[in-house]
Amino acid sequence: RSVLSAPIVVATSIATRTQRLRVGMAVQVLPLNNPLRIAEEVATVDQISGGRFDFGIGRSGSARSYDLYGIPYGESQARFSEALAIILEAWKGERFSYRGDFYQFENATVSPQPYQQPHPPIWMAATTEETFPRVGQMGLPVFVGLRGMDTADLRVHLQAYRKAWQEAGHEGTGNVYLRIPVYAGETEQGAVEEPRGSIRHYFRRQANIQRAGIGRAGAGPAGRRQARADRLANLTYDEILHTKVAFGTAKGLIDRLSQLQEELGLDGIVAELDAGGLIPAERVKRSLHILTHEVMPAFK
């Protein structure tokens with residue numbers, strides 16, 4: 001189900017083939033990798049790109065990924081916090097030691113250092129209500145989505161994020177990007193019908209992911225997770241179109257994204273061009289062309 005099996009490798013390839021494009025990834029699941037290795041790989045991509053790399057992080061809502069790696073999902077939050085602390089310390093360029101519950105080492109140094117100082121921009125994914133104020137307190141830009149919540153819920157959570165941001169003394173009000181499935185069609189009918197099968201498959205899969213975590217330590221309240229799974233499994237296509245995605249012609253997408261930007265105070269969009277993975281490649285490419293040539297200019 002991964003969008004990319006090796007995001008850092010792909011990011012490096014993109015960096016070597018481009019000169020002006022910023023390269024971003026969302027997200028690196030910190031608890032499933034050694035933080036010293038992550039720090040070195042991210043710094044290397046940042047150097048290769050000449051400072052054009054944005055680093056997305058999270059702990060993942062999929063307990064199965066942890067099962068495959070033999071790591072208890074109940075440790076995910078604590079492991080995430082330790083890993084992030086280590087990565088930030090490693091990027092300072094000085095020899096350091098660390099003794100935590102999960103990671104211990106003496107006199108480590110990371111090479112190379114990031115091109116961007118003090119480090120590449122870090123973005124953190126937030127999907128549960130507890131995470132939003134935590135990210136705001138940390139002063140990190142945030143990725144959010146509409147998979148497990150609607151815009152009214154998300155608006156409340158973003159208020160908590162921005163409140164925590166300001167109370168922590170950070171400048172500004174935070175930075176929010178909305179991750180959302182986007183499809184641009186040549187006609188209104190095509191924009192609605194062409195991605196139908198793929199996006200329905202996507203939300204069925206999301207419902208199964210929610211169910212898989214019910215009752216697992218670290219997965220949040222079982223009742224909340226069950227309610228999300230039921231809601232995702234029972235979505236009608238009309239509900240998907242009006243509450244979960246941005247599908248339309250260029251004009252329709254400009255209107256839809258403008259509405260979301262105003263309602264949620266967004267700074268940008270992370271467009272999932274084929275979230276379900278079932279749209280033919282030529283249609284995905286056509287959708288991308290419409291987005292880049294007809295939709296994006298309206299927001300510059």
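The values are calculated or read from the model by the stated rules, or taken from the named source; none is laboratory data. Predicted model only: the values in this text are computed from it and were never measured. Glycine also receives a Cβ, built like all others from the backbone with ideal geometry; neighbour counts cover every protein chain displayed. Quick note on the areas: whole protein, heavy atoms, side chains included, nothing else; ligands and nucleic acids left out. Shrake-Rupley method; radii C 1.70, N 1.55, O 1.52, S 1.80 Å.
Some notes on this structure:
- Seen against the Cα atoms of the chain and their longest principal axis, helix 281-290 is set at about 90 degrees.
- The fraction of accessible area contributed by carbon and sulfur in the chain is 50 percent, rounded to a whole number (1.4 Å probe; ligands and nucleic acids excluded).
- Nearby aspartates and glutamates by direct alpha-carbon distance to Lys92 (threshold 13 angstrom, same-chain neighbours under 8 apart not counted): Glu40
- Percent antiparallel among DSSP beta bridges (both partners in the chain, rounded to 5): 10 percent
- Computed over the stretch 157-300, Cα set: Rg, Dmax in Å: 17.2, 48
- Highest-first arrangement of 182-193, 80-91, 149-160, where packing means the average Cβ count within 10 Å: 80-91, 182-193, 149-160
- Over all other residues within a Cβ to Cβ distance under 12 Å of Pro221, the charged ones net out to +2, with Lys and Arg as +1 and Asp and Glu as -1.
- Nearby lysines by direct alpha-carbon distance to Lys251 (threshold 28 angstrom, same-chain neighbours under 8 apart not counted): Lys285, Lys300
- Per residue, the solvent-accessible area of the stretch 1-62 (1.4 Å probe, heavy atoms of protein chains only, all protein chains present) comes to 49 Å².
- Leading residue at positive end of dipole, the chain (Cβ point charges), from Leu158, Phe96, Met25: Met25
- For a paramagnetic label modelled on Asn107 (point 7 Å from Cα along Cα→Cβ), amide N atoms under 17 Å away are absent within the stretch 38-58.
- For the stretch 133-270, the per residue solvent-accessible surface stands at 47 Å², with DNA, RNA and ligands left out and a 1.4 Å probe.
- Nearest-0.05 FRET efficiency for Ala281 and Asp150, computed from C-beta distance (R0 25 Å): 0.20
- Here Kirkwood radius over Cα pairs in Å was calculated from the structure, and among (1) 21.6; (2) 20.4; (3) 19.9 it sits at label (2).
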